[in-house]
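Below is one structure, written out as C-alpha cells, with a few remarks after it.
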Amino acid sequence: MKPKFYRYIIFTLVLAAVMSLSFAGNTWAKPKKFKAAWSIYAGWQPWDYANQSGILKKWADKYNIEIELVRMDYIPSIEAYVAKKVDACVMTNMEALDMPAASGINTTALILGDFSNGNDAVLTRDNTGIKDLNGEEIYLVELSVSHYLLARALEMNNMDERNVILVNTSDSDIAPAFIANGNQKAVVTWNPLVMQILQEPGISKIFDSSKIPGEILDLMVVRTGVLKENPEFGKALTGAWYEVMDIMSQRGSTADEAMSIMAESAGCSLTEYKMQLKTTAMFYKPQGAVEYTNSEEIKQKMNYVRKFCFEHGLLGENARSVDEVGIKYPDGSIQGDTNNVYFIFDSSFMKMAADGKL
Amino acid sequence: MSLFKVNAKPSINAGRILPLLPFIICIVAYIITAQVRHDENPKDKLVPTSKQLIDGFRRSAFEEDRKGEYRLLVDTIASTKRFAIGVAFLFLGVIIGLNMGMLPYFDLVFYKFFLFFDKIPALAILPILFIVFGLGEVSKIALIVIGVMPTIVLDTYLRAKAVPREQITKALTLDASHLEVMYRIVLPKIFPKVLETIRLNFKAVILFLIAGESLAATAGLGYRIFVVRRYIAMDIIIPYVIWISFLAFLADLAVRIWIRKKYTWMDK
C-alpha cells in the first residue's frame with residue numbers, strides 16, 4: 001500500500017506546481033485583460049462593429065491592454081456586471097441606477113452614446129387614446145424603461161398607473177402576442193419591436209420617447225474602481241467608440257458598409273437599421289455628449305428617473321427615500337445621499353475624445 | 001472504518017445526523033459567502049444574508065405591496081390554481097392512455113401520434129401556443145398539458161398493455177362487459193403505478209408553469225421571480241424558490257400518502 005500512496009502525493013504536488021506555474025505565467029507575461037458586455041439595440045450595435053472591424057483591438061493595443069467584448073441578453077448582461085463577471089456593460093441610465101448602483105456596485109457612466117428619441121413607444125389598436133387606457137390590460141416588460149415611459153405618459157395626462165392592468169410580458173414574445181391577439185388594446189415596447197408591430201394594420205403610436213427626450217439614456221458604464229485603477233481601459237473604449245461614430249456620420253459607402261455589419265448582427269436590413277437610428281438621438285460627436293452630460297438638464301431628467309425607481313421599489317424595497325442612492329455629476333454636484341454615491345456621470349473621457357487627446 | 005464497506009451498519013445516531021450533513025454544509029457555505037460579500041460591499045444584493053432573506057419573506061408574506069396586495073398569497077393562489085388544472089388534465093391523460101392500451105383501434109389511431117407529440121419540446125413552440133391560445137390562463141395550462149400529458153398517456157398505455165391478456169380473457173369469459181374490464185379491472189390495477197408517474201412529473205409541471213408565468217402574467221410565483229429580478233431582489237427570489245420547492249414537496253407527499261393509504265396491496 002505505502003509506496004503507491006507516496007506516488008499519489010508526488011503526483012499531486014507535481015500537478016499543483018505545474019498549475020501554479022502556468023497561472024503565474026499568465027499574469028506575468030500578458031497585458032491586462034478586461035471584459036465588456038453588450039446587447040442588441042440600435043444605439044449599441046456600433047460596439048459590435050468596433051469589435052468585428054478590429055477598431056476596438058487597435059485601441060486596446062494602443063493602451064497595451066486586451067478587451068474582450070461579449071454579446072449577451074440585456075438583463076443577464078447587467079446581472080453579470082453586478083456579479084463583477086464583466087468590467088463594463090451597456091445599459092440605460094435607469095438600469096444603471098436601479099441594478100448596479102442600488103446594489104452597491106459603484107458605477108461610472110463612461111460614454112453617453114445616445115438617448116431614445118422615439119425608440120420606445122406606447123402602441124394601441126382601434127384608435128384607443130391614452131385617456132381610454134383606464135381599466136385596460138397593457139402588455140409590457142414590467143419595471144423596464146417601457147414601464148417608465150408608460151408612467152410618464154400617464155403622468156403627463158393626469159392619470160394614475162393604478163387604474164391600468166399591467167401584464168408582464170417577455171420581450172421575446174411581446175410582438176407576436178400583441179399582433180396575434182386582436183382583443184388586446186395596448187402594448188408598450190421598444191425598437192425593433194415597435195417597427196414590427198406598426199407594420200400591422202390598425203395600430204397607432206400614441207406616445208413615444210421623443211416626447212420625453214433626454215430621459216432614457218443609453219450608456220456604456222464601467223465599474224468605478226476598475227476605471228480609477230485602469231484609466232487606459234476607459235480611454236481605449238472611448239477612443240474606439242468615437243472612431244466608429246466618425247465612420248457612421250460620414251456619408252456614402254464607408255458608413256453604409258459599417259452600418260450593414262451593425263444591421264446584420266441586429267438581425268435586420270440596412271434600411272430598417274437606418275430607420276431605427278432616426279428615432280435614436282446618437283451623439284456622433286463627443287462634444288455633444290460632453291455638453292449634455294455637463295448640463296443642468298440631465299439632472300432634471302435623472303430626477304424623473306430616480307423618482308420612478310423609488311416609487312416602484314427599485315432602489316431596494318427598504319429604501320427610505322428617493323435620495324437612497326447618490327448620483328454625482330461632472331460639476332461635482334450630488335443628487336441624493338452624499339455618503340452613498342454609487343452612480344457617477346463622468347464626461348472627462350468623452351472630453352479627451354473631443355479634444356483629440358486619446 | 002467501515003465507511004467503504006458494503007455491509008456497514010450505521011448507528012442510530014449516525015442515522016439521525018448524517019442525513020442533515022449535506023444540508024448543514026450548504027447552509028453554512030451560504031452564510032459564509034453572504035458574510036464575505038457583505039464585508040466587501042455592505043449593499044450587496046446578489047447573496048443576501050439570512051436576516052435579509054427572512055425580512056424579504058416577511059415583506060412578501062405579511063406586508064401589503066405597492067398595489068395593496070399580499071404578494072406571496074396572491075401568487076401562491078394564482079400558481080396553485082394553474083398547477084391544479086394542469087394536473088387535472090394529466091388524469092385525462094390517464095383515461096386516454098388506458099383507452100389506447102385496451103382498444104386496438106384507439107391504439108392504431110393515437111399511439112404513433114402521442115409518441116411523436118411527446119418528443120416536441122414544448123418550450124420551443126411557445127410562439128405558436130401564444131398565437132393559438134393568447135396570453136391568458138389558457139396558454140399557461142396548454143403549455144403544461146402539451147409538455148407533460150403525452151408522457152402520462154404513454155406511461156399509462158404501456159402499463160395497460162402489460163396487464164396479462166389471460167386476466168382480461170378471464171374477465172370477459174366471466175361475463176364482464178368491455179367497459180368493466182377497462183375501468184373495474186385494468187384501471188384499478190395500474191392506477192397506483194400511474195400515480196407514481198404523475199408524482200414524479202410534478203417537477204416538469206412546475207417547470208412549465210414557471211416558464212408560462214415568466215412570459216406573460218399579472219400574478220404567480222414564477223411571475224414574481226421574473227419581475228423582481230429587474231432590481232436584483234434576491235432577498236425575494238430565494239424565499240420564493242424555497243417556497244415553491246416546499247409546495248412541490250407537499251404535493252408530492254400528498255400523493256405518496258394517497259398511494260400508501262388507498263393501495264395498501266401495492267408491492268406486496
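Observations
- Ranking A:S249, A:V221, A:F233 by Cα position along the charge dipole of chain A, where only Lys, Arg, Asp and Glu carry charges on their C-beta atoms, puts A:F233 farthest toward the positive end.
- Of the residues A:G135, A:V164, A:S209, the one whose Cα sits farthest toward the positive end of the charge dipole of segment A:120-211, with +1 on the Cβ of Lys and Arg and -1 on the Cβ of Asp and Glu, is A:S209.
- Environment charge of A:S260, counting only residues whose C-beta is closer than 15 Å and scoring Lys/Arg +1, Asp/Glu -1: -3
- The modelled label-to-label distance between A:E264 and B:F91, using points 7 Å beyond Cα along the C-beta direction, is 5.8 nm.
- Taking label positions 7 Å along the Cα-Cβ direction at both B:N7 and A:T254, the computed distance is 8.6 nm, reported to one decimal.
- Label reach from B:T169 (point 7 Å along Cα→C-beta): in segment B:175-189, amide nitrogens under 16 Å belong to B:175-176.
- Screening chain B for DSSP H helices whose Cα atoms reach 15 Å or more along their own axis and whose mean Kyte hydropathy is at least 0.0 gives B:21-40, B:71-102, B:104-119, B:137-161, B:187-200, B:202-215, B:234-262.
- Relative contact order (%) - chain B, alpha-carbon pairs under 8 angstrom, separation at least six: 24 percent
- Unit Cα scatterers, Debye sum, chain A: log10 I(q)/I(0) for q = 0.09, 0.14 Å⁻¹: -0.54, -1.17
- Neighbour count of at most 12 Cβ within 10 Å plus DSSP loop: longest GluC sites (Glu not before Pro)-free window in chain B: B:70-268
- Dipole magnitude of segment A:120-211 about its Cα centre (Cβ charges: Lys, Arg +1; Asp, Glu -1), debye to nearest 20: 200 debye
- Charged-residue dipole, Cβ positions (Lys, Arg, Asp, Glu), chain A about Cα centre, Debye nearest 20: 1600 debye
- Loop exposure criterion: trypsin sites (Lys or Arg not before Pro), DSSP state outside H, G, I, E and B, at most 10 other Cβ atoms within 10 Å. Applied to chain A, the longest stretch between such sites is A:1-250.
- In the structure shown, the pairs A:K57/A:K85; B:K161/B:K261; A:K84/B:K81; A:K205/A:K351 are assessed against 30 Å; a Cα-Cα span above that value is assigned to A:K84/B:K81; A:K205/A:K351.
- Counting neighbouring Cβ atoms within 10 Å and putting the fewest first, the residues B:L195, B:L215 line up as B:L195, B:L215.
- About its Cα centre, the dipole of the protein assembly as shown is roughly 3140 debye, where the only charges are +1 on Lys and Arg Cβ and -1 on Asp and Glu Cβ.
- Close amide H partners of A:D208, meaning residues 5 or more places away or on another chain with modelled amide H under 5 Å apart, are A:V122.
- Springs join every pair of Cα atoms under 10 Å in this Gaussian network model of chain A, and among A:E243, A:E137, A:E215 the largest mean-square fluctuation is at A:E137.
- For A:I111, distant residues with modelled amide H under 5 Å away: A:M220
- Counting only residues at least eight positions apart within a chain, or on another chain, the lysines with an alpha carbon under 16 Å from that of A:K62 are A:K30, A:K32, A:K33, A:K235, A:K357.
- For segment B:71-262, the spread of Cα positions along each principal axis, largest first, Å: 68, 39, 20
- 10 Å Cβ neighbours from other chains, averaged over peptide B:129-135: 5
- Helices in chain A, meaning DSSP H runs of at least 4 residues, each add -39500 (n - 2.57). Divided by all residues, the mean residue ellipticity at 222 nm is -13500 deg cm²/dmol.
- What the Cβ-Cβ distance of A:K85 and B:R260 gives, at R0 = 51 Å and to the nearest 0.05, is a FRET efficiency of 0.60.
- Dipole of segment B:54-161 [Lys/Arg +1, Asp/Glu -1 at C-beta], most positive-end residue of B:F117, B:I85, B:G101: B:G101
- Fewest-first sequence of A:S144, B:S79, A:S295, B:S214 by Cβ atoms within 10 Å of each Cβ: A:S295, B:S214, A:S144, B:S79
- Computed across segment A:120-211, the Kirkwood hydrodynamic radius from all distinct Cα-Cα pairs reaches 12.8 Å.
- Cα pair distances exceeding 33 angstrom across the protein assembly as shown, given as percent: 58 percent
- Averaging over all projection directions, the Cα-based convex hull of segment B:36-125 occupies 10.5 nm² in the image plane.
- Residues listed by number, segment A:214-258, amide nitrogen under 15 Å from A:Q300 label point at 7 Å toward C-beta: A:214-216
- A:S321, A:S269 arranged by Cβ crowding within 10 Å, fewest neighbours leading: A:S321, A:S269
- Residue-span extension gain [B:K161 to B:L21] - 0.36 nm each, minus C-alpha spacing: 46.0 nm
- Computed FRET value (nearest 0.05) for B:F106 with B:D252, which takes r as the C-beta separation and R₀ as 30 Å: 0.45
- Counting Cβ atoms of other protein chains within 10 Å of each residue's Cβ and taking the mean over peptide A:171-184 gives 4.
- Under 13 Å, Cβ to Cβ, from A:N163 - net charge with Lys/Arg +1 and Asp/Glu -1: -3
- Chain B, helix-only ellipticity at 222 nm - DSSP H runs n ≥ 4, -39,500 (n - 2.57), divided by all residues, nearest 500: -24000 deg cm²/dmol
- Antiparallel DSSP beta bridges within the protein assembly as shown, percent to nearest 5: 60 percent
Rule-based calculations on the coordinates, nothing more; no lab input. Note that the coordinates shown come from a computational prediction; the quantities given were computed from them, not determined experimentally. Backbone-built Cβ (ideal geometry, glycine too); neighbour counts: all protein chains shown.
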